[in-house]
Amino acid sequence: MNKIQDELELVFPTPEYKTQVEEYLQEFFDNGEYEIAGDGGLDRIKNFEEWLLKVQKDLSEESIEDNRIPATLYLTVRKSDNRVVGNLQIRHKLNEKLLQYGGHIGDSVRPSERRKGYATQMLKYALKECKNHGLNKVIVGCYKENIGSAKTIIKNNGKLIKEKNILLNINDCWRINLVDQFYEIEIWHL
């Protein structure tokens, strides 16, 4: 195991993480970032208890509203200090909007923890979870200008399949094939 893998674990959000999640959200806002990828709506809801209920509902297709799809959200926690360093959302299937825009995986790393290898390891964890959900291919997207995200995808064997122009942004689309022991990844830059 590599050092980063030994340091991280995925945990489902619980009330015990309220303060940490609020600090996590505030760090993005303090950094001038108001959209957080794969956060299950935390950047819009801004209320931990309301967000936690939504994240719990998103697990089951029966309880989801507004044509949403089932998804599992994890906090990525560093074991040594129990600090939330990122979030990871796994969408169990894709609707038309996610097929065009977001893909199966959404993730973010808090600004102060970037460039430390966490995103690469988080994507590896996400791919394993996708495979556990029976997915054979995974679509991932990121904005063209997000070089760090593109490098993370490439390190996880991402294969660029297309560029899209969405709302004045150029987005790249990547695919990951999970059938083989070694992942082949398709990634979309959004």
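The values are calculated or read from the model by the stated rules, or taken from the named source; none is laboratory data. Keep in mind it's a predicted model, so treat the numbers as computed, not measured. Here the Cβ positions follow ideal geometry from the backbone for every residue, glycine too, while neighbour counts run over all protein chains shown. Keep in mind that these areas ignore ligands, DNA and RNA; they rest on the heavy atoms of the full protein, side chains included. Shrake-Rupley method; radii C 1.70, N 1.55, O 1.52, S 1.80 Å.
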Check your understanding: Rounded to the nearest whole Å², what accessible area per residue is found for segment 20-138 with the 1.4 Å probe?
Key -> 50
Practice item. Could you compute the FRET efficiency for LYS155 and ASN82, with r as their C-beta to C-beta distance and R0 at 22 Å, rounded to 0.05? Key: 0.25
**Study point:** Relative contact order for segment 25-170, counting Cα pairs under 8 Å that sit 6 or more residues apart, in percent
**Key:** 18
Review point. What is the extension gain from GLU145 to THR14, computed as 0.36 nm multiplied by their sequence separation minus the C-alpha to C-alpha distance, in nm to one decimal?
Key: 43.8 nm
Review point. Any idea what Rg and Dmax come out to for segment 1-123 if you just take the C-alpha atoms, in Å?
Key: 14.1, 41
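Could you rank HIS133, HIS92 by how accessible they are, 1.4 Å probe, largest area first?
Solvent-accessible surface, decreasing: HIS133, HIS92.
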Check your understanding: What percentage of the solvent-accessible surface of segment 4-95, computed with a 1.4 Å probe over protein heavy atoms, is contributed by carbon and sulfur atoms?
Key -> 45
Practice item. Can you pull the one-decimal nm distance between simple spin-label points at ASP30 and ASN136, each 7 Å off the Cα toward Cβ? Key: 4.7
Check your understanding: So for the pair LYS162, LEU59, with labels modelled 7 Å out along Cα→Cβ, what separation do we get in nm?
Key -> 3.5
